[in-house]
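Inspection log for the structure reproduced underneath, given as structure tokens.
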Amino acid sequence: AAIAAMLAALKADCAYVPIDTDSPAERVQHVIRAAEPRVVLTSAAATGLLDGLAGIGVLTSSTLLGSLEEHLSSEHYKSTFARSDWEQFDARAPTARNGEHDVAHILFTSGSTGIPKGVVITHANVTSFVSWANAYFGMGRHDRWSGHPPLHFDLSTYDIYGTLASGAQLHLVPASLNLLPHKLAAFIRDSELTRWFSVPSILSYMVKFGAVGQDDFPTLEKLLWCGEVLPTPVLMELMQRLPHVAFTNLYGPTEATIASSYHTVLQPPTNEAEDIPIGRACDGEDLLILDEQQRAVPAGEIGDLYITGMGLSPGYWKDPHKTSEVFLESPRSQAGETRMYRTGDLASWDDTGLAHFHGRADFQIKHRGYRIELGEIEAALNTLDGVRECAVVGVATAGFEGTQICCAYAPASHNVQVRMLRVRLRDRLPSYMIPSRWTEMELLPKNANGKVDRKVVKEWFEDEERRVRRD
């Protein structure tokens, strides 16, 4: 029903904003206030969230509330129209006037100030990637494609429109299977999928619990991942067990629409320390690796990664300041590349012309496939009465989570417990942003400027991780 509603919005010349209904109302209200939607489409499954939003005055009388099912109502809200009213609707298709450069949807991602930021995606952004990807991956009407990421995550954009554009079947993966690796593997078998696309953490989870057998998934032809680094040992295991499958690593931030580069791994890695390239730019895109003076770096030297091309978003919704900070004039503007996006990632070229990822240059991580601003977690923690000061850092791990979210905090009183902090954070943040590791400190370490020294905090958690592994 949600996908049908997304298509309906586009047919009505509207732009849509997918909402994570598992997020607390306190966070979703920022999205609603920023997007200022004329219509909110919802279902009975989101009644708790609707009550929370209506209770804090986000849903006003000027907002049309539509239900994808029967009419909904509570003491706080009442749906204006519902799917059950279909006989009253005009059956004629509306006249479409939007062009390729008009807004198709806005995807809200984590913001460093604690306020999510909206990435504007145009019709051309999506169609450019879909055209390239469907051709490269040979998508056809006989394919059966997975629909694993949630609809507010940009990977789902290709699942939906790539499948529809090719006439293939889209098999939506129930979110309840994410913590049941054997049932997730059974879903791939039973659905006879020919294509699988997800974040790496799901693949790691299935391998960790032995859910993938030798020569498993006989109909599967291609396996794609994007959103974070796939641990090399996991890829080695998958390639050994699934010799009939082609494996492709895709790379790209939401601001560049789904993916900007790709690398199909032709041979299994020879050792567990070998990193997997993010590869070459997709058609219509380009990767630039530049130094601090925005000069191209030679092969083997690490620099800042920038993206140019058809996938670039026009910028952040109603936020020209943030847009101007990361969407810059390209040093190759004379060649027609007028804009480039500063990803905040570090990368290098190898001698064969493939790009390699070397981590983040800023205060942002990838965790379970989600891009997360650690500052948003700190901002939420700092609203809690029991926290005097805190620091949130990301620590790399080869496990299911990818990068672990770790929190060091100084309590405001002696009766502050981690369990209480976690419970209260769930009212402010989605579950994937809750720190998994905690440590209490009387005072957080400071640098020469009197600021919290996150490098020292990160080293403490890394040392603790090494100690646990030795034990």
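The values are calculated or read from the model by the stated rules, or taken from the named source; none is laboratory data. These numbers were taken from a predicted model, which means no experiment stands behind them. FYI the Cβ positions are ideal-geometry reconstructions off the backbone, even for glycines, and counts take in every protein chain you see. These accessible areas exclude ligands, DNA and RNA; they are computed on the full protein's heavy atoms, side chains included. Shrake-Rupley method; radii C 1.70, N 1.55, O 1.52, S 1.80 Å.
Reported count of residues in the range 432-465, each being aliphatic (A, V, I, L, M), in contact (Cβ under 8 Å) with a residue 60 or more places away in the chain and within 25 Å of L179 (Cβ to Cβ), is 1.
Those helices (runs of 4 or more DSSP H) of the range 86-205 in which 1 or more residues are under 30 Å from T323 (Cα atoms) and modelled with pLDDT of 95 or more occupy 123-136, 155-166. Criterion applied to S313, S324 was being within 30 Å of H30 (Cα to Cα), at pLDDT 95 or above and open to solvent by 20 Å² or more (accessible area, probe 1.4 Å), and the one residue passing it is S324.
Count of the range 91-121 residues, restricted to those that are free of Cβ contacts under 8 Å to residues at least 60 places away in the same chain and among the hydrophobic types (A, V, I, L, M, F, W, C), is 1.
Out of the residues in the range 12-21 meeting the condition of being assigned to a loop (DSSP other than H, G, I, E, B) and within 20 Å of the chain's Cα centre (by Cα), tell me which one is surrounded by the most Cβ atoms within 10 Å (Cβ to Cβ).
In the first step, residues of the range 12-21 are kept if they are assigned to a loop (DSSP other than H, G, I, E, B); the result is 12-15, 17-21.
When the remaining residues are screened for being within 20 Å of the chain's Cα centre (by Cα), the result is 15, 17-21.
Details: A15: 19, V17: 19, P18: 20, I19: 22, D20: 19, T21: 18.
Result: I19.
For the range 263-289, how many residues are open to solvent by less than 50 Å² (accessible area, probe 1.4 Å) and at negative phi? Here the count works out to 14. Within the range 231-253, track down each residue that is in contact with a Phe, Trp or Tyr (Cβ under 9 Å, 6 or more places away or on another chain), open to solvent by less than 20 Å² (accessible area, probe 1.4 Å) and either closer than 30 Å to F108 by Cα or of a type in the set (V, I, T) (or both). Residues satisfying the conditions are V245, F247, T248, N249, L250, G252, P253. Residues in the range 22-40 that are in contact with a Ser or Thr (Cβ under 8 Å, 6 or more places away or on another chain) and in a loop (DSSP other than H, G, I, E, B): D22, P37, R38.
Charged (D, E, K, R) and crowded, with 20+ Cβ neighbours inside 10 Å - does that describe any residue in the range 169-189?
No; the residues of the range 169-189 include none that is charged (D, E, K, R) and crowded, with 20+ Cβ neighbours inside 10 Å.
With respect to the conditions (1) surrounded by 21 or more Cβ atoms within 10 Å (Cβ to Cβ); (2) in contact with a Pro (Cβ under 8 Å, 6 or more places away or on another chain), Y409 falls short on a single one, namely (2). Residues in the range 47-99 that are surrounded by 10 or more Cβ atoms within 10 Å (Cβ to Cβ), of a type in the set (S, T, Y) and over 30 Å from the mean Cα position of the chain (by Cα): S73, S74, Y77, S79, T80, S84. Would you point out the residue of the range 312-371, among those that are closer than 20 Å to A259 by Cα and of a type in the set (S, T, N, Q), that is nearest to the chain's Cα centre (by Cα)? Among those residues, the one meeting the criterion is Q364.
Looking at E329, is it surrounded by fewer than 19 Cβ atoms within 10 Å (Cβ to Cβ), modelled with pLDDT of 85 or more and not aromatic (F, W, Y)? Walk me through it before giving the result.
Working: surrounded by fewer than 19 Cβ atoms within 10 Å (Cβ to Cβ): yes; modelled with pLDDT of 85 or more: yes; not aromatic (F, W, Y): yes.
When the stated conditions are applied, E329 passes them.
Give the residues of the range 214-229 that are assigned to a loop (DSSP other than H, G, I, E, B) and open to solvent by 30 Å² or more (accessible area, probe 1.4 Å), sorted by residue number.
Start the filter on the range 214-229 by keeping residues that are assigned to a loop (DSSP other than H, G, I, E, B), which leaves 214-221, 226-229.
Passing the criteria: Q214, D215, P218, T219, E221, V229.
It is to be established whether one or more residues within the range 290-302 are within 18 Å of F129 (Cα to Cα), of a type outside the set (A, V, I, L, M, F, W, C) and open to solvent by less than 50 Å² (accessible area, probe 1.4 Å). Scanning the range 290-302, I find no residue that is within 18 Å of F129 (Cα to Cα), of a type outside the set (A, V, I, L, M, F, W, C) and open to solvent by less than 50 Å² (accessible area, probe 1.4 Å), so the answer is no. Residues of the range 153-168 that are within 21 Å of L107 (Cα to Cα) and open to solvent by less than 50 Å² (accessible area, probe 1.4 Å): F153, D154, L155, S156, T157, Y158, D159, I160, Y161, G162, T163. Contact map, the range 129-157: residues that are under 15 Å from M6 (Cβ atoms) paired with residues that are open to solvent by 10 Å² or more (accessible area, probe 1.4 Å) and of a type in the set (D, E, K, R), Cβ distance under 8 Å, separation 6+ or inter-chain. Pairs shown: P150/D20; H152/D20. Residue count for the range 118-142 under the criterion of being of a type outside the set (V, I, T) and open to solvent by less than 30 Å² (accessible area, probe 1.4 Å): the result is 11.
Looking only at the range 294-320, how many residues end up being of a type in the set (F, W, Y) and out of contact with any Leu (no Cβ under 9 Å at 6 or more places or on another chain)?
Going through the range 294-320 one residue at a time, the tally reaches 2.
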